[in-house]
Amino acid sequence: MFLANHTLANPQEWQRIKRPIIGAPEPVGTYTNGCIIGAQALPYKGEGYQVIRMNKNRYYGHPNMIQYLQNLGKRVKAAGLPTMLVGDIAMPGGGRFLTGHASHQMGLDADIWLRMGTMSDADALNSDGKGLLVVNRKAQQVDHNWKPEHATLIKLATQDPQVTRIFVNPAIKKKLCEVAGADRAWLHKVRPWFGHDSHFHVRLSCPKGANYCENQAPIPAGDGCGAELASWFEPPKPSTSNVPAKPKALPPPPPLCQQILNAPNRHEWLE
């Protein structure tokens, strides 16, 4: 049972949640302001995949995401690719991070590393500094670390109807546009975004019947390889003001997420 309270959630409160919130699986809110009830843990190892960054305790997701990653691992193995490394999904109760992620709050986002192949258990536990950068940031293009297997992996990741977006570095999107060939429909879901030069980010749509989950607006039609992509490589416009922009205030969490933090039985999932 969750009871309302007027105290606003502090991001630090979500870090204290060490076990999933008890209840039927329910993503609440938006990808950048939400939480999840009834999250499931992705098993540490499975067919074609391995969970990394285990010390962060961010391997929880909606059952749809857990099933998606397990199915993708099987397809990765069937395609003859090296083991897929799964990074952050969400914390046990979802919610806002202190640092690092703006999204990953409802258990419907997951990071997949561009480094491929099994890690030792020690490296999988603490994977900091062990990623593979595939973009020359100064030249804004993929570098010698980029391999055809990366394009195959990203294409495989798009081929589930639940996938609404896959975020990659603009240089990676450009490379995918160049090598896609005649089959270009899958490029529609691949979206350029800041960073994402050592991993890509998979986002699933809200599950059917998830009444508290809000989808993003649809992606514009087309493969996204034209003017929109080109705009990412234009020089930034000079600022017309010497006054630093004020940081945006974070919105309050959805009421149901706030109720979770203030529930009388919250000891069941807090540290």
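The values are calculated or read from the model by the stated rules, or taken from the named source; none is laboratory data. As the structure is a prediction and not an experimental result, all values here were calculated from the model. When we count neighbours, we look across all protein chains shown, and the Cβ atoms used for this are built from the backbone with ideal geometry, even at glycine.
Among (1) touching a Cys at 6+ places or on another chain (Cβ under 8 Å); (2) in a loop (DSSP other than H, G, I, E, B), which single condition is GLY100 missing?
(1)
Select from region 66-94 the residues that are over 21 Å from ALA151 (Cα atoms), assigned to a helix (DSSP H, G or I) and of a type in the set (A, V, I, L, M) and list them in ascending order.
ILE66
If I filter region 85-102 down to residues being buried (at least 19 other Cβ atoms within 10 Å of the Cβ) and touching an Asp or Glu at 6+ places or on another chain (Cβ under 8 Å), which single residue comes out as farthest from TRP269 (Cα to Cα)?
VAL86
Any residue in region 117-129 that is assigned to a strand (DSSP E or B) and over 21 Å from PRO27 (Cβ atoms)?
no
Looking at (1) in contact with a Cys (Cβ under 9 Å, 6 or more places away or on another chain); (2) surrounded by fewer than 17 Cβ atoms within 10 Å (Cβ to Cβ), which is the only condition LEU133 fails?
Failing condition for LEU133: (1).
Could we say that PRO218 is under 23 Å from LEU108 (Cα atoms), modelled with pLDDT under 90, under 24 Å from the mean Cα position of the chain (by Cα) and assigned to a loop (DSSP other than H, G, I, E, B) here? Can you show your working first?
Numbers: under 23 Å from LEU108 (Cα atoms): yes; modelled with pLDDT under 90: no; under 24 Å from the mean Cα position of the chain (by Cα): yes; assigned to a loop (DSSP other than H, G, I, E, B): yes.
Judged against the criteria, PRO218 is not a match.
Rundown of residues vs (1) more than 24 Å from GLY107 (Cα to Cα); (2) surrounded by fewer than 18 Cβ atoms within 10 Å (Cβ to Cβ), yes/no style:
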site	(1), (2)
LEU204	no, no
PHE233	yes, yes
PRO254	no, no
ASN262	no, yes
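Give the residue that is farthest from GLN12 (Cα to Cα), with candidates limited to residues of region 242-252 that are loosely packed, with under 10 Cβ neighbours inside 10 Å and not aliphatic (A, V, I, L, M). It would help to see each step written out before you state the result.
Of all residues in region 242-252, those loosely packed, with under 10 Cβ neighbours inside 10 Å come to 242-249.
If we keep only those that are not aliphatic (A, V, I, L, M) too, we end up with 242, 244, 246-248.
Working: ASN242: 33, PRO244: 27, LYS246: 22, PRO247: 19, LYS248: 18 Å.
Only one residue tops the list, namely ASN242.
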